[in-house]
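Before any comments, here is the structure.
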Amino acid sequence: MLKTLNKITEYFDSKLCIPYFFGLNLNDLSVQEGIKIPEHDPEECDLLVVVGVVTHKKLPFLMDIYAQMKEPKWVVLLGTDACSGGIYYNSYSIIKDLAEYIPVDYYIPGGISLKKDLSVLLENLKSRKGILGISF
Amino acid sequence: MSLEKKLQNRFKSNFKVEGKMYYLEASLHEQVQVLVELKDSFSFIFFLDFFVRDLINEKGPKRFEVNYILLSMGEEKRINVAFKVDEGEKLHSLNFLWKPLAWYEREAKEMYGVYFIYSHCKPLLTGMSEKKSMHPMRKDWKNNYEDFNFDIQKKVFDDLHYVRAELSESRFWTQLELSQFYCDTDWKVFVEVEEEKIQRSFVDVGYNHLGIEKIAENGDIVNFGSYIEQLNQNAKFMGSFLWCYSIEELFDIQISDRSKTLRMIFKELGRIHDHICLLRKQLSLVKSIELISHCNEVLITINLIFRSYLKNKNTQNLFVIGGMASDVNSFWVIESLEQIEKIEKNINTITNILNNNTLWMESLTTGEIPVKDAFHWSFSGPTLRASGVNYDIRKSSPYYFYSDVNFEVPLGVKGDNYDRYLVRIREVEESLKIVEQLLDNLPLGKVFANKDLYGLSRLKNKTKVLRELSSNTQRKRVYTSIESSNGELGVSIILNESDNVERVHLRTPSYVLAQSFPELVKGKYYAYALPILMSLNISVPEIDR
């Protein structure tokens, strides 16, 4: 899991800008886990990171955010839940393959632990400050 | 005459007793009459649960069965009243008897196509359109993604903006900002404001609807506890506790004393965890950083106890059917007693500062719930106790060793936000007492009483093994409930002839709390809406399921 994360950040080396996390409450995350992620409007962002299961009722919001993001844009599905439904794969109300609705660039399967994997992703983003132009 | 004899005289052979539960069947044309009679003359005042079942595999004359579960607090008895309905027949809406039925009836229409007269039947959980007849919980339903409706967002706004022309200038709609506490896409609460007072409000849920109950029908009887536990992540261990407890009740399996006490310890720790998580949210509204750090310390120490129990194991589930995941040694007991002293110190500092603190009281004065309303909405747990009703399942029908442990049930007077805070913080102190008593008197013996049940999750025919062990009973249905941190958390399980799961329905406390919000807030200042919503302690996945 960590290896694939590193590979992705290498791929986006020159282009990657600002991530938007769909399905994560960033305020609550900073209180509970101690990870501080700055919030951005979807219009500023380039990279869409989807965490957790996406249901049919949630989908319009995801599509809205994707439409608002600036070009060129990438989509990463983080965790098994986002990729294929995880333990809810049997359910009628979830979307098993998001690629039917949105072009997906990367699938990262596996159980995510927010503390480890998100912080690795963020550190990798941090290391390219000059290009990113964000102050974490 | 006892209640059981009275009911037998009245309903004759339609009335049955199975274990702790009463079961009653009645015909459809008596629906209103029977339920009103039960409420007025048989003291079943309190409404607990409602669910529909599809009978297509039983090949009876009628297609569906509608179940009401009621509670009589004085006698401490629960009754399941069932009516059979055919497709096309209409039931009476009983919204006037018990208010929470409004959402239950909407869900029944959406999931099964069971219609009610005079009821507002907009789809609640799934994003399906109203006109198409799609009922995903029916047994013969197949996945058909194209029929889902994707334009919900616009639709909601269209309905909301309808206000009379005279009022449209002075009133305006806004969405409550919940981004501090919930994810953007968890749920939405819209509020209509006139001169800073709330006139109408609207709760939109179902964004995380996962269809757990349908998954249970197709799947595994052993591992379903972990699905329930996902519903409320702050109240740890409650879901899997409930599932293991109810499966053991259903198949009449005895577990050892040691695992009973261990389960109780972790459940009480879970209660503390949830209450402190809520307190941290409420404190972040006031922005007192010192006290938040005290809360964080409590949560960290609880997690330490949990991690030191599961040292080298990769499992998330502590509770396994028939016992516990692993045994403990005396070092663990001493260690965790030390940790609990730490928790007590932290909570003492919190209560010394907050109790009778005028600033803190001022921020929590609103949100009064009179006893009458609390009954009418069928609240349970701390919310009911804060309005002065002395009802706790741990006291009234004690399971495991709750009858042997010394603890008190704290009560409020007015039922406002401050009362709810006091009840919760007193409950934390009481459950710390319980944990200390249990750790001091941890019984000796093995965790697993039955060797056959060890490694049950790896076997293929699990229900066969369970049924062989329970030679005494041939029970096929059960309703069990526990005192969760939020209220009464219950589950009704129904098995078919070959012992597979026919229907599972969860009674979650948040479902009722969320739909009462518009009425609690009506006529109050806009600034009070968020503190009231916080103090109800709603976890959104419990509503969506």
Q) A:TYR92 fails exactly one of the following numbered conditions: (1) buried (at least 20 other Cβ atoms within 10 Å of the Cβ); (2) within 15 Å of the chain's Cα centre (by Cα). What is the number of that condition? A) (2)
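Using the structure shown, decide if B:PRO398 is modelled with pLDDT under 90 and under 22 Å from B:PHE266 (Cα atoms). Don't jump to the end; show me each part of the working.
Numbers: modelled with pLDDT under 90: yes; under 22 Å from B:PHE266 (Cα atoms): yes.
For B:PRO398, the condition - modelled with pLDDT under 90 and under 22 Å from B:PHE266 (Cα atoms) - is met.
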Q.
Return the residues of region B:491-507 that are among the acidic types (Asp, Glu) and surrounded by 22 or more Cβ atoms within 10 Å (Cβ to Cβ); say none if nothing qualifies.
A. none
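Quick test for you: out of A:LEU98, A:LEU47, pick the one residue that is surrounded by 17 or more Cβ atoms within 10 Å (Cβ to Cβ), away from every other protein chain (no Cβ under 14 Å) and under 15 Å from the mean Cα position of the chain (by Cα).
Numbers: A:LEU98 fails: away from every other protein chain (no Cβ under 14 Å).
None of the other options fit; the residue is A:LEU47.
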Q. Looking only at region A:68-85, which residues are in contact with a helix residue (DSSP H, G or I) (Cβ under 6 Å, 6 or more places away or on another chain) and either over 30 Å from B:LYS139 (Cβ atoms) or at the interface with chain B (Cβ under 10 Å from one of its Cβ atoms) (or both)?
A. A:GLN68, A:MET69, A:LEU77
Q) Under 7 Å by Cβ, and 6 or more places apart or on different chains, what pairs join a residue from region B:218-233 that is over 15 Å from A:ASN90 (Cβ atoms) with one that is aliphatic (A, V, I, L, M)? A) B:VAL222/B:ILE321; B:VAL222/B:LEU456; B:ILE228/B:LEU242; B:ILE228/B:LEU506; B:ASN232/B:MET238
Q) Among the residues of region B:482-493 satisfying the criterion of being at pLDDT 90 or above and more than 11 Å from B:ASP392 (Cα to Cα), which is farthest from the chain's Cα centre (by Cα)? A) B:ILE493
Q. When you go through (1) in contact with a Gly (Cβ under 8 Å, 6 or more places away or on another chain); (2) surrounded by fewer than 21 Cβ atoms within 10 Å (Cβ to Cβ); (3) assigned to a loop (DSSP other than H, G, I, E, B); (4) on the phi < 0 side of the Ramachandran plot one by one for B:PHE401, which number turns out not to apply?
A. (1)
Q.
Whether any residue in region A:53-67 is surrounded by fewer than 20 Cβ atoms within 10 Å (Cβ to Cβ) and more than 14 Å from every other protein chain (Cβ to nearest Cβ) is what I want to check.
A. no
Q.
Suppose we keep only residues that are over 18 Å from B:GLU25 (Cα atoms) and among the aliphatic types (A, V, I, L, M) within region B:69-98. Which one would you say is surrounded by the most Cβ atoms within 10 Å (Cβ to Cβ)?
A. B:LEU97
(Q) Exactly one condition in (1) more than 23 Å from B:ILE493 (Cα to Cα); (2) surrounded by 24 or more Cβ atoms within 10 Å (Cβ to Cβ); (3) of a type in the set (D, E, K, R) is false for B:LYS267; which is it? (A) (1)
Q | Conditions (1) modelled with pLDDT under 65; (2) assigned to a loop (DSSP other than H, G, I, E, B); (3) more than 9 Å from chain A (Cβ to nearest Cβ): number failed by B:LEU231 | A | (1)
Q) Counting only residues that are touching a His at 6+ places or on another chain (Cβ under 9 Å) and under 27 Å from B:LYS281 (Cα atoms), which one in region B:173-227 is farthest from the other protein chains (Cβ to nearest Cβ)? A) B:TRP173
Q) Within the group A:LEU118, A:LEU29, A:LEU122, which residue is more than 9 Å from every other protein chain (Cβ to nearest Cβ), in a helix (DSSP H, G or I) and modelled with pLDDT under 70? A) A:LEU122
Q) If a residue has to be buried (at least 21 other Cβ atoms within 10 Å of the Cβ), more than 15 Å from B:HIS376 (Cβ to Cβ) and touching a Ser or Thr at 6+ places or on another chain (Cβ under 8 Å) to count, how many in region B:508-528 make the cut? A) 3
Q) Can you find a residue in region B:177-197 that is crowded, with 23+ Cβ neighbours inside 10 Å and among the small types (Gly, Ala, Ser)? A) no
Q) Of the numbered conditions (1) in contact (Cβ under 8 Å) with a residue 60 or more places away in the chain; (2) surrounded by fewer than 19 Cβ atoms within 10 Å (Cβ to Cβ); (3) polar (S, T, N, Q), B:ASN317 satisfies every one except a single condition; which is it? A) (2)
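Mind counting the residues in region B:417-452 that are small (Gly, Ala, Ser) and either more than 28 Å from the chain's Cα centre (by Cα) or not in a helix (DSSP H, G or I) (or both)? I'd like the intermediate steps shown before the answer.
Kept after step one, since they are small (Gly, Ala, Ser), are these residues of region B:417-452: B:431, B:445, B:449.
Filter once more, keeping what is either more than 28 Å from the chain's Cα centre (by Cα) or not in a helix (DSSP H, G or I) (or both): B:445, B:449.
Counting residues in region B:417-452 that are small (Gly, Ala, Ser) and either more than 28 Å from the chain's Cα centre (by Cα) or not in a helix (DSSP H, G or I) (or both) gives 2.
Check every one of the strands (runs of 3 or more DSSP E) wholly within region B:1-110 and list those with 2 or more residues that are under 30 Å from B:ASP544 (Cβ atoms).
Numbers: elements: B:15-18, B:21-26, B:46-54, B:64-72, B:77-85, B:90-92.
Filter on region B:1-110 gives B:21-26, B:46-54, B:64-72, B:77-85, B:90-92.
The values are calculated or read from the model by the stated rules, or taken from the named source; none is laboratory data. Every value quoted in this text rests on a predicted model; they were computed, and no experiment measured them. Note that each Cβ is placed from the backbone with ideal geometry, even for glycine, and that neighbours are counted across all protein chains shown.
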